[in-house]
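The values are calculated or read from the model by the stated rules, or taken from the named source; none is laboratory data. Keep in mind that this is a model prediction, so the values were computed, not measured. Glycine gets a Cβ as well: all are built from the backbone with ideal geometry, and neighbour counts include every protein chain shown. Ligands, DNA and RNA are stripped out before the accessible areas are found, and what is left, the full protein with its side chains, is counted by its heavy atoms. Shrake-Rupley method; radii C 1.70, N 1.55, O 1.52, S 1.80 Å.
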Amino acid sequence: MPILIVLMFLLGTELTRDSFTAVARKPVALILGTIGQIVLLPLVAFAVAKILTLPPVFFMGLVLIACCPGGSSSNAFSMLAKGDVALSVALTAISSVVTLFTLPVIMQATALYVSNEANVTIELPVGKLLMQNLALMFVPMLLGVIFRRTMPRHAAATNRLLSKAAFPALML
């Protein structure tokens with residue numbers, strides 16, 4: 001969890017008004033990317049889990065992984081590949097915020113399906129998950145945005161440091 005909090009803070013320090021202005025000029029890529037991350041990936045994971053008749057824990061795990069946002073490492077890969085970093089940051093930011101709400105709902109629906117299919121009871125505390133997501137993801141991201149706006153030089157230095165450590169820390 002501490003890595004996730006740091007990554008969300010790092011993401012917040014990367015967000016600028018210019019990033020979103022540039023992406024707003026080409027909304028089709030943003031809309032398609034968001035639909036792909038929020039809708040298609042969970043549906044594909046659900047279908048794969050069903051086709052493979054995965055046990056409940058693996059079924060839930062596969063769908064859970066598919067529901068998770070890309071994360072800040074995708075921004076680093078976009079930069080290394082000389083891709084559209086602003087689009088990557090915008091997709092990461094939007095999917096991070098949207099999944100605060102969609103992840104618990106999708107996982108609740110998946111748990112109900114798995115419970116019915118496997119004759120087991122799986123209950124997810126959706127309200128608690130929403131609050132936990134807000135605390136672990138949205139608050140650090142918001143703090144990163146505030147840090148960047150109030151202390152841009154310190155935020156840039158912190159961003160450089162955290163960016164170098166984020167991917168290895170995530171891998172560990």
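Once the 1.4 Å probe is applied to the protein heavy atoms, the chain comes out at 59 Å² accessible per residue. The computed Rg/Rh (Cα atoms, Kirkwood Rh) for the structure shown corresponds, within [x] 1.01; [y] 1.06; [z] 0.97, to [x]. Positive end of the dipole of the chain, charges at C-beta (+1 Lys, Arg; -1 Asp, Glu), about the Cα centre: which of 102, 119, 32 has its Cα farthest in that direction? Positive-most Cα among the choices belongs to 32.
Exposed loop positions in the chain were taken to be trypsin sites (Lys or Arg not before Pro) whose DSSP state is not H, G, I, E or B and which have at most 12 other beta-carbon atoms within 10 angstrom. Between these positions, the longest stretch is 83-172.
Relative contact order (percent) for the chain, with alpha-carbon contacts under 8 angstrom and 6 or more residues of separation? Please list the in-between numbers first.
Values: 179 pairs, mean separation 63.5, N = 172.
Contact order relative to length: 37 percent.
The phi-based Karplus calculation (6.51 cos²θ - 1.76 cosθ + 1.60; θ = phi - 60°) puts the 3J(HN,Hα) values of the range 156-164 at 5, 5, 5, 4, 4, 5, 5, 4, 5 Hz, whole numbers, x for Gly and Pro.
Report in % the part of the accessible area of the chain that belongs to carbon and sulfur, leaving out ligands and nucleic acids; probe 1.4 Å. Walk me through the numbers on the way to the answer.
Numbers: 7550 of 10180 Å².
C and S atoms contribute 74 percent here.
Scalar couplings 3J(HN,Hα) for the range 82-99, obtained by applying the Karplus form with A = 6.51, B = -1.76, C = 1.60 to θ = phi - 60°, are 6, x, 7, 5, 4, 5, 4, 5, 5, 4, 5, 5, 5, 5, 5, 6, 5, 5 Hz; x denotes Gly and Pro.
Since only 48, 141, 15 are under comparison, the one whose Cα sits farthest along the positive direction of the charge dipole of the chain, derived from C-beta charges on Lys, Arg, Asp and Glu, is 15. Candidate cross-link partners of residue 26 among the lysines, defined by an alpha-carbon separation under 28 Å and a same-chain spacing of 8 or more, comprise 82. Between residue 135 and residue 123, the modelled labels are 2.0 nm apart [label points 7 Å from Cα along Cα→Cβ].
Hey, what number do you get for the chain at 222 nm if only DSSP H runs of n ≥ 4 count, each worth -39500 (n - 2.57), divided across all residues, to the nearest 500? Kindly include the intermediate steps, with their values, before the conclusion.
Details: 10 runs with 136 residues, N = 172.
Computed ellipticity for the chain at 222 nm equals -25500 deg cm²/dmol.
Across the range 44-50, computed HN-Hα scalar couplings (Karplus, 6.51 cos²θ - 1.76 cosθ + 1.60, θ = phi - 60°) run 5, 4, 4, 5, 4, 4, 5 Hz from first to last residue, x flagging Gly and Pro. Computed from Cα atoms, the angle from the helix 139-150 axis to the main principal axis of the chain rounds to 10 degrees. Between residue 15 and any residue 5 or more places off or on another chain, the built amide H atoms are never under 5 Å apart.
The angle between the Cα long axis of helix 56-67 and the longest principal axis of the Cα atoms of the chain comes to about 30 degrees, rounded to the nearest 10.
Using a probe of 1.4 Å, the accessible surface attributed to residue 147 totals some 40 Å² when neighbouring protein chains are kept in position.
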